[in-house]
């Protein structure tokens, strides 16, 4: 499998034209994706606990290491959303206990 050099859509090796953008695909212009070995779970955990690092890894690795990139990005998104939700719950608890006045 490779990726279209114009739009980045995953293409089959026997395709002559990208189905997404219509650009001609020559065998020399299609980037090959190296098979990653090992688990990408560690990058998801890192992204969860430090979302900015997960976002940076997602942006840097999206072409070279797509599985690790997606894992770090998902971990960062989940960590960020849970951080916001826990902050809202914390403020609600303080407000109901009378520690925080509006």
Scan of segment 60-88 for residues that are more than 21 Å from residue 2 (Cβ to Cβ), surrounded by fewer than 20 Cβ atoms within 10 Å (Cβ to Cβ) and under 12 Å from the mean Cα position of the chain (by Cα), ordered by number: 74, 77, 78
Look at segment 61-102 and say how many of its residues are closer than 18 Å to residue 8 by Cβ and either in a loop (DSSP other than H, G, I, E, B) or outside the structural domain of residue 50 (by TED's automatic domain parsing) (or both). 4
Selection within segment 5-29 - modelled with pLDDT of 80 or more and assigned to a loop (DSSP other than H, G, I, E, B): 7, 9, 12, 14, 15, 16, 18, 19, 20, 21, 22, 23
Taking segment 30-54 and keeping only residues that are modelled with pLDDT of 80 or more and in a loop (DSSP other than H, G, I, E, B), one is left with 40, 50
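The values are calculated or read from the model by the stated rules, or taken from the named source; none is laboratory data. On a predicted model such as this, the values are computed, not experimentally measured, just so you know. Heads up, the Cβs are rebuilt from the backbone with ideal geometry, glycines too, and the neighbour counts pull from every protein chain shown.
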